[in-house]
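Only one structure is covered here, and it is reproduced in the block below.
The values are calculated or read from the model by the stated rules, or taken from the named source; none is laboratory data. Just so it is clear, the model here is predicted, and its values are computed rather than measured. With ideal geometry, Cβ positions are generated from the backbone for all residues, glycine too; neighbour counts draw on all protein chains shown. All accessible areas refer to the heavy atoms of the entire protein, side chains included, with ligands and DNA or RNA removed. Shrake-Rupley method; radii C 1.70, N 1.55, O 1.52, S 1.80 Å.
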Amino acid sequence: MIDGGEAIRKLALNVARYSGLAPLAKPFIGGIGAILMLHRVTATPAKPDSVNRHLNIAPGFLDAVIADMKASGYAFVSMDEAVERIKAGGKGGEFATITADDAYRDNMTEALPVLEKHGAPITIYVAPGLISGTADLWWDVVEEIVDACDSLTLAKPNGSLTIDCSTTAKKVQANIRLHVYLTSEVREEDLQTVLRDLARASGVDTNGPRLRTLMSWDEIRSIAAHPLVTIGAHTINHSNLKRLSEVDARHEVGAVRGLLQAELGQEPRHFAYPYGYASAVGCREVGFVRDAGYTSAVTTRHGLLRAEHAGFLHALPRISVNGRYQSVAHIRTMLSGVTTPLANAGKMVVTI
């Protein structure tokens, strides 16, 4: 199913491509580099038509994107080198660095062979709570809850709300409604309790999705030793920092460094804000991350890197390599720079 927003974005990408605007604009607004954002990379997703399919790309597509970018002159570098290149204003030519959120197992089994083929480094951002089970891969749990039910009842301040999940189309809408409920109507501190209550009532195991798809600590230790891999931090519990008190948000940002050092023997230097959009990270949260001593931090705001980002190393934009847009031509258009102002109310230098 293609939603209206997706259709409009694809139309804009195709107009920029076929009109010739994108290649013409790139020399002027293409920036100095890009941070690519991945989540899952697998050729055999268990649910190809999942509502969360935007989080998955095929390894063949990753291979094609990297090859195309290298042919266009991009150098693939580590996040450490990317920071140095940003500070230098992009001297040395266009560059890209690859990042992946949440530590999915297929980053090791299916993405890493592609990265080895191209000598392309990756930074994998880990939330220890997701690995240890003190936090849930809630977006996948939500999908399993909806799939298991014909209806759901949500507790509301003014009573209860029943959601119809009886058809495929209604399940899509139920997923959307439940996402809104958990991320804006339930307190961040209560999300896990509410989710687990819904899962229990639906006969769903909240541990199932993370155990099936995320790396274990042993696997993370193994991949962390790879010369192409850097492990970064993603808070302790994949929390929306903007919805937490200052004390709790600072703890999520700061204490995760010690947890990762205890498991991996090294403190993380780089950070990714969970969710990363406007309602999850602002100036306050950027300050917390800077105070915690990280070298860089990435959002999910759509944009290319520019020399001006030397002053915003803790609020860097990324280009999502998204399962709904698996076209090398779409990535080329995004890298031209024309989509950056379209996605950010005219801004070319995207921070927060």
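A Cβ-based charge dipole, computed about the Cα centre of segment 150-271 with Lys and Arg at +1 and Asp and Glu at -1, lands at about 260 debye. Among S19, S184, S222, the largest mean-square fluctuation in a Gaussian network model of the chain (Cα springs under 10 Å) belongs to S19.
On the chain, 56 percent of the accessible area sits on carbon and sulfur atoms, based on a 1.4 Å probe. Checking every one of the chymotrypsin sites (Phe, Trp or Tyr not before Pro) in segment 224-296 against DSSP loop status and a limit of 15 other Cβ atoms within 10 Å picks out Y277.
Helix content alone sets the calculated 222 nm mean residue ellipticity of the chain: runs of n ≥ 4 DSSP H residues at -39500 (n - 2.57) each, divided across all residues, give -12500 deg cm²/dmol.
Dipole orientation for the chain: of the candidates I163, S19, I122, S19 has the Cα lying most toward the positive pole (charges on Cβ; Lys, Arg +1; Asp, Glu -1). In this structure, the pairs whose alpha-carbon distance is over 28 Å, taken from K10/K347; K117/K347; K242/K347; K47/K170; K70/K91; K91/K347, are K117/K347. Close amide-amide hydrogen proximity is noted between V41 and I57, D106, N107, each under 5 Å apart and 5 or more residues distant or on a separate chain (H modeled in the peptide plane; Pro and chain starts excluded). Derived scalar couplings between HN and Hα for segment 32-42 equal 9, x, 8, 9, 8, 10, 10, 10, 8, 9, 8 Hz in order, rounded to whole Hz, by the Karplus curve 6.51 cos²θ - 1.76 cosθ + 1.60 (θ = phi - 60°), x for Gly and Pro. Since only T340, L55, L316 are under comparison, the one whose Cα sits farthest along the positive direction of the charge dipole of the chain, derived from C-beta charges on Lys, Arg, Asp and Glu, is T340.
Rounded to the nearest 20 debye, the dipole size of segment 191-328 about its Cα centre is 360 debye, using +1 on the Cβ of Lys and Arg and -1 on the Cβ of Asp and Glu. Look at the dipole of the chain built from charges on Cβ: of G208, A292, I236, the Cα furthest out on the positive end belongs to A292. On a per residue basis, segment 61-162 carries 35 Å² of accessible surface, using protein heavy atoms and a 1.4 Å probe.
For segment 194-334, a/c is less than 1.5, where a ≥ b ≥ c are the root eigenvalues of the C-alpha gyration tensor. That puts it in the rounded class. Quick check on segment 268-352: take the gyration tensor over C-alpha atoms, sort the square-rooted eigenvalues as a ≥ b ≥ c, and tell me if it's rounded (a/c under 1.5), prolate or oblate. It comes out prolate by the Cα gyration axes. Per-residue 3J(HN,Hα) values for segment 234-248, derived from phi via the Karplus relation 6.51 cos²θ - 1.76 cosθ + 1.60 with θ = phi - 60°, read 9, 6, 6, 10, 6, 8, 6, 4, 5, 9, 10, 5, 4, 4, 5 Hz in sequence order (x marks Gly and Pro). Rounded to the nearest 20, the Cβ-based charge dipole of the chain about its Cα centre (Lys and Arg +1, Asp and Glu -1) stands at 1080 debye.
In the chain, excluding the sites themselves, the longest stretch lacking any of the trypsin sites (Lys or Arg not before Pro) that are in a DSSP loop with at most 14 other Cβ atoms within 10 Å is 188-346. Springs between Cα atoms under 10 Å define the GNM used for the chain, and in it the highest mean-square fluctuation of A22, A71, A310 occurs at A71.
Restricted to Cα atoms, segment 1-77 shows a radius of gyration and a Dmax of 15.1, 42 angstrom.
Classified by the C-alpha gyration tensor, segment 46-137 has an oblate form. Its axis ratio a/c, with a ≥ b ≥ c, is 1.5 or above, and a/b does not exceed b/c. Our coupling estimate for segment 262-278, obtained by passing each phi through the Karplus curve with A = 6.51, B = -1.76, C = 1.60 and θ = phi - 60°, is 5, 7, 10, x, 8, 6, x, 9, 10, 9, 10, 6, x, 6, x, 8, 4 Hz, Gly and Pro reported as x.
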